[in-house]
Amino acid sequence: MIKKLISVLPVILPYFFGGGGKSLLISRLNRCIAAAERVHDITGEHVDLLFLEIVWNWYRYGCSEEDFLTMEFYRKNSREKKRWLTSAKNNRYLYKTVYDDDARSVFDHKEFFDVRFKHMMKHDILILKDATADKIRAFMAKYGEVIIKPANGACGVGIRKLHHNDKEGVEQLLQEIASGKNLIMEQVIIQHEDMAKINTSSVNTIRVITMVDRKGDVHIINTLAKFGGSASCISNTMGGGCCCHIDKETGIIDRPGKDIHGLSYFRHPVTGIILPGYQIPNWDGVCDYARQLAQVVPNGRYIGWDIVILEDGYDVIEGNLHPGQDFQGCDGIGRWEQIKQLI
């Protein structure tokens, strides 16, 4: 019934709202339907009722359809829901409250981030809009295989590997740069072997979420492991990976992994390695390294750091202004009250 109603909205909406924004609304409603169908597969509840519940939670708690899935709002009562950081609280409140313009500039643009944090990185980088073709070829020849990233990308979109022997790929890259694409080239990071074995195709990262309080002290909100879930070179959940909660005191994964659809994984979906109980290597310094990162741009107060564990230390890939809300679903604890006390 709901699907049929949404299918006629493109005809009905212009009579009430004109042309503006209707496609965005319809797209959002279709995502709500898809989320309702996924929850139906878990609970068996009627899709139309779940759709209405998702829309209500969107209105009442600022809970996106993804939040509804990953934070399991379909299992929570009103009192519990208020304790969770939702998309609206993150995007409408935190974004305006805990970042200044300098922080937004640094963390919203990969090239600015790389410049500001280069002294904290172990891997080499090259901002391609500032580089000659000869310099680009020399960088690739030095490292063999490199990572290409959009300077203004997000969620792993547009990231790819390129080998210096791929003549066609190199020429295509040079054409992209000549056409004005703002890209960054990075040395491939060699991660600790105990991290690599979980999923060999991706650089598997540790997401450490930090909050700088009003006094300038750094607090660790949560720690997670992110593993790629396929042949992709990225580890985030938007790219098909899964996310596991880590006990921040011991560095041990203490729960099954979860993907963006709310599905749980006791074993990694590709390698079959058991996730709960897995000891993250070199854990002792991870949180200290994250605290050091948080102090570089302290006016970026609430950041999700993607850290790579090396055999002999740590490296940082990026810091995220929007650490996401799904991290709460990894351990089932709403963090809104904790974050509010630190703002």
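Only residues that are surrounded by fewer than 19 Cβ atoms within 10 Å (Cβ to Cβ) and outside any loop (DSSP other than H, G, I, E, B): list them for the stretch 266-286, please.
267, 274, 279, 283, 284, 285
Filtering the stretch 306-323 down to residues that are crowded, with 19+ Cβ neighbours inside 10 Å and under 18 Å from residue 124 (Cβ atoms), which residue is farthest from the chain's Cα centre (by Cα)?
It comes out as 314.
Which one of the conditions (1) touching a Lys or Arg at 6+ places or on another chain (Cβ under 7 Å); (2) of a type in the set (Asp, Glu); (3) open to solvent by 10 Å² or more (accessible area, probe 1.4 Å); (4) closer than 30 Å to residue 102 by Cβ does residue 331 fail to meet, given that it meets all the rest?
Result: residue 331 fails condition (4) only.
Within the stretch 246-265, work out how many residues are open to solvent by less than 20 Å² (accessible area, probe 1.4 Å) and either among the β-branched types (Val, Ile, Thr) or within 14 Å of residue 204 (Cα to Cα) (or both).
Looking only at that region, the number is 3.
Could you grab me the full set of residues in the stretch 37-59 that are farther than 21 Å from residue 82 by Cα and touching a residue at least 24 places away in the same chain (Cβ under 8 Å)? Explain how you work it out, then say what you get.
In the first step, residues of the stretch 37-59 are kept if they are farther than 21 Å from residue 82 by Cα; the result is 37-38, 40-49.
Of everything in the stretch 37-59, those that are farther than 21 Å from residue 82 by Cα and touching a residue at least 24 places away in the same chain (Cβ under 8 Å) turn out to be 38, 42, 43, 45, 47, 48.
Kindly establish whether residue 76 is open to solvent by less than 50 Å² (accessible area, probe 1.4 Å), among the basic types (Lys, Arg) and within 24 Å of residue 339 (Cβ to Cβ). It would help to see each step written out before you state the result.
On the way: open to solvent by less than 50 Å² (accessible area, probe 1.4 Å): yes; among the basic types (Lys, Arg): yes; within 24 Å of residue 339 (Cβ to Cβ): yes.
Here the answer is yes, as residue 76 does meet what is asked.
Is there any pair with a first residue in the stretch 134-148 that is closer than 11 Å to residue 124 by Cβ and a second that is in a helix (DSSP H, G or I) whose Cβ atoms are under 9 Å apart and which are 6 or more apart or on different chains, and what are they?
146/139; 146/140
If I filter the stretch 147-163 down to residues being over 11 Å from residue 184 (Cβ atoms) and touching a helix residue (DSSP H, G or I) at 6+ places or on another chain (Cβ under 6 Å), which single residue comes out as modelled with the highest pLDDT?
As a first pass, look at the stretch 147-163 and keep what is over 11 Å from residue 184 (Cβ atoms): 154-157, 160-163.
Narrowing the set further to residues that are touching a helix residue (DSSP H, G or I) at 6+ places or on another chain (Cβ under 6 Å) leaves 155-156, 162.
Working: 155: 63, 156: 67, 162: 91.
Only one residue tops the list, namely 162.
Please go through the stretch 217-235 and give me each residue that is under 30 Å from residue 100 (Cβ atoms) and either at pLDDT below 95 or not in a loop (DSSP other than H, G, I, E, B) (or both), ordered by number. It would help to see each step written out before you state the result.
First pass over the stretch 217-235, keeping only residues under 30 Å from residue 100 (Cβ atoms): 217-224, 226, 234-235.
Correct list: 218, 219, 220, 221, 222, 223, 224, 226, 234, 235.
Being under 21 Å from residue 99 (Cα atoms) and either at pLDDT below 95 or open to solvent by 40 Å² or more (accessible area, probe 1.4 Å) (or both) is the requirement here; does residue 292 meet it? Write out each step before concluding.
On the way: under 21 Å from residue 99 (Cα atoms): yes; either at pLDDT below 95 or open to solvent by 40 Å² or more (accessible area, probe 1.4 Å) (or both): yes.
Spelling it out, residue 292 is indeed under 21 Å from residue 99 (Cα atoms) and either at pLDDT below 95 or open to solvent by 40 Å² or more (accessible area, probe 1.4 Å) (or both).
Please go through (1) under 30 Å from residue 343 (Cβ atoms); (2) open to solvent by 10 Å² or more (accessible area, probe 1.4 Å); (3) of a type in the set (Ser, Thr, Tyr); (4) out of contact with any Ser or Thr (no Cβ under 6 Å at 6 or more places or on another chain) for residue 86 and return the number of the only condition it doesn't satisfy.
(2)
Of the residues 83, 92, which is charged (D, E, K, R), assigned to a loop (DSSP other than H, G, I, E, B) and in contact (Cβ under 8 Å) with a residue 12 or more places away in the chain? Don't jump to the end; show me each part of the working.
Working: 92 fails: assigned to a loop (DSSP other than H, G, I, E, B).
The unique qualifying residue is 83.
Can you name the residue in the stretch 242-256 that is part of a strand (DSSP E or B) and in contact (Cβ under 8 Å) with a residue 60 or more places away in the chain and is also nearest to residue 209 (Cα to Cα) among such residues?
Start the filter on the stretch 242-256 by keeping residues that are part of a strand (DSSP E or B), which leaves 242-247, 252-253.
Checking the rest, the ones that are also in contact (Cβ under 8 Å) with a residue 60 or more places away in the chain come to 243-245.
Details: 243: 14, 244: 14, 245: 12 Å.
So the residue we want is 245.
The values are calculated or read from the model by the stated rules, or taken from the named source; none is laboratory data. The shown structure was predicted, so the numbers you read here are calculated from the model rather than taken from an experiment. Don't worry about glycine lacking a Cβ; one is built from the backbone with ideal geometry, like all the others, and counts go over all protein chains shown. Quick note on the areas: whole protein, heavy atoms, side chains included, nothing else; ligands and nucleic acids left out. Shrake-Rupley method; radii C 1.70, N 1.55, O 1.52, S 1.80 Å.
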